[in-house]
Each structure stands twice: as C-alpha cells, then as structure tokens.
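Okay, structure first, notes after.
No value in this document is a laboratory result; all are computed from the given coordinates. In this text, all values refer to a predicted model and were calculated from it rather than measured experimentally. For neighbour counting, all protein chains shown are included, and Cβ atoms are generated from backbone atoms with ideal geometry for every residue, glycine included.
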Amino acid sequence: MKLLRYGPPGQEKPGLLGLDGKIRDLSGTIRDLDGDALSPGSLDRLRRLDPASLPLVSGSPRLGPCVGHISKVVAIGLNYRLHAQEAGMAIPKEPIFFLKATSSICGPNDDVMIPKGSEKTDYEVEFGIVIGTKASYIAVHDAPKHIAGYCLVNDVSEREFQMASGGRTATPPI
C-alpha cells in the first residue's frame, strides 16, 4: 500500500497510489496522514479499502511531504563508514542522534531552501522510517510494532555552518 499527500503546500490531502499508478483521494476516509491515521488499526482499515471505490484525483497534482503534522525528525549522523571518512571524523562507537527542523520538510519535487551564504551545501538520500505509535524506551524486538511505513528522504545540510563555523544552524529557517 502506497500512501501519499497531494495538493498545494499547506493544503495537502491524503491519497493512495493505486496499482494502476493513479492517485485516489482518501480525504473522505481519513483527515490526513498523521497521528491516529498512522496507527496500526487505521492502517489495517486502509489496507482493506478497495482503491477503485475511492475518488480518482484528476491531473498531476503536486506531491507533498508524505506525512503531515510531524512532531520531530530524528536523524542519525555518520551512519556509514564512508561518510565518517569523507568528513575526516572517527567512526562513532554509538549512533549520533540529532534533530532536524520540521520546517525543512517539503515534497519530493519542491524547491529546497538553501541558507543564505551557503558555501558547502551537501545532500544525501536517506531511508526514512515513519513511526506510527507513541513509543519510548522500547525493546529492540518490539521496535517493528511501532513502524507505520518507510519513505525516502532528501537530507540537505550546510556543512560549513555545521562543521567549520561553530555549529550554526544546519537547516535553514522557513
């Protein structure tokens, strides 16, 4: 099941991509792809829908961020050996967690805001995990129970601000 959000920025609606490659409108079924809509029970209900029974979305609308009303983006730095080597940094013994501003989230074809004075803008494609239930201090073997889905993420950082200039913000304010 491929879920998405479509429409103008800030006015996205939930949708489902059918096997025929066409977008079907889910706004009569769920308010948005966020919160309760990403719970296991809600996702099970969506899986049981017949896509052909949903209204067809006409044209080629803009695709928005895949999830709405995101509370936080947790990222892991230096998450592969080559990245640490390229940065001239030691391979970490434990994961390096950091947060990205939710204002940096955009749709897959939207313009990316580059900070004024950017000198070393860097980008990577990352594998994103969408957490669908509230969770803290869970056992490793229980982690999959909290995953609602997966997505690709364009991770953009300004390395000059991040590394060489004393850790100024790496994500541009919007």
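Rounded, prolate or oblate: which fits the stretch 73-164, taking a ≥ b ≥ c as square roots of the Cα gyration tensor eigenvalues, rounded meaning a/c under 1.5, else prolate when a/b beats b/c? Verdict is oblate for the stretch 73-164. Straight Cα distances below 18 angstrom link Lys120 to the lysines Lys100, with same-chain residues fewer than 8 positions distant left out.
The calculated FRET efficiency for Asp34 paired with Glu86, based on their beta-carbon distance and R0 = 25 Å, is about 0.10. Here's the list of aspartates and glutamates a cross-link from Lys134 could span, going by alpha-carbon distance under 15 Å and ignoring same-chain residues fewer than 8 apart: Asp34, Asp36, Asp142. For the chain, a Kirkwood hydrodynamic radius built from all Cα pairs, placed in the Stokes-Einstein relation at 4 °C and 1.567 mPa s, yields a translational diffusion coefficient of 71 µm²/s. Spin-label point model (7 Å from Cα, Cβ direction): what's the Val112 to Ile138 distance in nm? The answer from the label model is 2.9 nm. Take the Cα of Arg47, step 7 Å along the line toward its Cβ, and report every residue of the stretch 1-26 whose backbone nitrogen sits under 15 Å from that point. From the stretch 1-26, the list is 1-3.
Since only Pro115, Ile76, Leu38 are under comparison, the one whose Cα sits farthest along the positive direction of the charge dipole of the chain, derived from C-beta charges on Lys, Arg, Asp and Glu, is Leu38.
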